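The values are calculated or read from the model by the stated rules, or taken from the named source; none is laboratory data. Keep in mind that this is a model prediction, so the values were computed, not measured. Here the Cβ is made from the backbone with ideal geometry for all residues, glycine too, and neighbour counts use every protein chain on show.
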């Protein structure tokens with residue numbers, strides 16, 4: 001029963017009226033007609049729906065069985081959307097996904113993140129991961145080989161973001177990765193990996209906001225410094241990265 005409680009909570013949060021309009025406004029900076037998007041950690045597909053509404057072709061990956069079934073129901077029938085049930089990591093294979101029935105948005109494959117975030121983040125004090133399931137793992141390179149390089153890649157996998165980027169060997173035009181207070185080392189590792197892959201500029205959207213924090217966008221060293229200093233006390237958010245233009249701006 002508690003798995004359904006978590007599902008209902010996610011439906012209320014992520015499919016509430018007006019949310020799609022804000023998401024389309026945010027992602028229109030990165031996604032346009034006929035673009036390709038990877039939605040890694042698609043959950044119930046609210047962002048998948050926004051990408052598709054902007055005209056993109058979307059490959060949405062969600063390994064949680066209950067969430068994946070509802071992802072297919074909510075967005076999987078759309079012509080531009082492909083739903084897959086694999087997880088994404090540094091190498092192909094299998095892994096164990098820890099599932100929180102009441103708060104499925106924090107289900108994760110990172111045992112280190114799961115332990116650390118409970119100790120460091122007050123918002124996770126009551127979270128429990130009661131179940132686990134073995135899932136198939138693919139890499140971003142696998143997905144690129146099958147579908148082509150995406151114009152935008154959203155990565156929200158609860159502390160496994162650096163592992164996802166470790167499975168990517170070429171730069172992409174634009175990406176986003178989630179960060180959470182108390183586990184900022186994961187975000188720092190993501191910035192370092194992207195800096196290895198190419199020349200990126202970085203910005204931040206806090207929480208479930210729609211506006212960028214920095215003007216102009218930051219280089220990798222500046223982004224790393226902001227994270228090292230505690231991310232301005234932010235509880236969570238997303239780091240956006242896009243390839244530098246000819247003028248070095250973003």
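Residue-level analysis places residue 53 outside the set of residues that are surrounded by fewer than 20 Cβ atoms within 10 Å (Cβ to Cβ) and under 21 Å from residue 177 (Cα atoms). Quick one: residue 136 ticks every box in (1) in a helix (DSSP H, G or I); (2) over 16 Å from the mean Cα position of the chain (by Cα); (3) surrounded by 13 or more Cβ atoms within 10 Å (Cβ to Cβ) except a single one, so which number is it? Looking at each condition in turn, residue 136 falls short on (1).
Among the residues making up segment 115-133, those that are surrounded by 13 or more Cβ atoms within 10 Å (Cβ to Cβ), touching a helix residue (DSSP H, G or I) at 6+ places or on another chain (Cβ under 8 Å) and closer than 26 Å to residue 233 by Cβ are 117, 118, 124, 127. Only residues that are part of a loop (DSSP other than H, G, I, E, B) and crowded, with 17+ Cβ neighbours inside 10 Å were counted across segment 187-212, and they come to 0. Residue 168 meets all of the listed conditions (1) in contact with a strand residue (DSSP E or B) (Cβ under 9 Å, 6 or more places away or on another chain); (2) at pLDDT 95 or above; (3) surrounded by fewer than 16 Cβ atoms within 10 Å (Cβ to Cβ) but one, namely (3). Applying the set (1) in contact (Cβ under 8 Å) with a residue 60 or more places away in the chain; (2) crowded, with 19+ Cβ neighbours inside 10 Å; (3) farther than 24 Å from residue 122 by Cβ to residue 180 leaves exactly one unmet item: (3).
Residue-level check: of (1) modelled with pLDDT of 95 or more; (2) in a helix (DSSP H, G or I); (3) in contact with a helix residue (DSSP H, G or I) (Cβ under 8 Å, 6 or more places away or on another chain); (4) over 16 Å from residue 150 (Cα atoms), residue 51 misses just (4).
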